[in-house]
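Notes follow the structure.
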Amino acid sequence: MADVRFSIARWVVSRRAPIGIFFILVTLAFAAGMPRLDIRTIFADLLPSDDPFVQTYRDHPNFGNPLTVTIMVKRTDGKKIYNQDTLQ
């Protein structure tokens, strides 16, 4: 196995100029496509689909987003929440 690796290495080193040009051309070909490349992170695709909170988020897409925590404060006695006792 070592002989095969050394023979491949010897072949590559003996033809380093054409192989180097080949890799440069391949790199330039990939670089030519860079302006059309669209890289985005869609956070919703990273969420687990079987989680009940994620399912609720997907059922109600207009209500916030997964990065927002919404808390509801409600008094049980019917009074408004904007008073000293509730805010404390």
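Length available on full extension from F30 to Y82: 0.36 nm per residue minus the Cα-Cα distance, which gives 12.7 nm. Helical content of the chain, expressed as a calculated mean residue ellipticity at 222 nm, amounts to -14000 deg cm²/dmol (DSSP H runs of 4 or more residues, -39,500 (n - 2.57) each, divided by residue number, nearest 500). The chymotrypsin sites (Phe, Trp or Tyr not before Pro) found in the chain that occupy coil by DSSP, while having at most 13 further C-beta atoms within 10 Å, are F63, Y82. Based on protein heavy atoms only, region 4-60 ends up with 94 Å² per residue of surface accessible to a 1.4 Å probe. What's the carbon and sulfur percent of the chain's accessible surface, probe 1.4 angstrom, rounded to a whole number? Of the solvent-accessible surface of the chain, carbon and sulfur hold 63 percent. In the frame of its principal axes, the chain has Cα extents of 87, 36, 28 Å, reported largest first.
On C-alpha positions alone, give me the angle between the axis of helix 2-14 and the longest principal axis of the chain, in degrees, nearest 10. With both axes taken from Cα atoms, the answer is about 80 degrees.
Accessible area per residue was computed with a 1.4 Å probe on protein heavy atoms; T70 scores about 100 Å².
The values are calculated or read from the model by the stated rules, or taken from the named source; none is laboratory data. Everything quoted here is computed from the prediction, not taken from an experiment. Positions of Cβ are backbone-derived with ideal geometry, glycine not excepted, and every protein chain shown enters the neighbour counts. When the accessible area is computed, the model is the full protein with side chains, heavy atoms only, and any ligands, DNA or RNA have been set aside. Shrake-Rupley method; radii C 1.70, N 1.55, O 1.52, S 1.80 Å.
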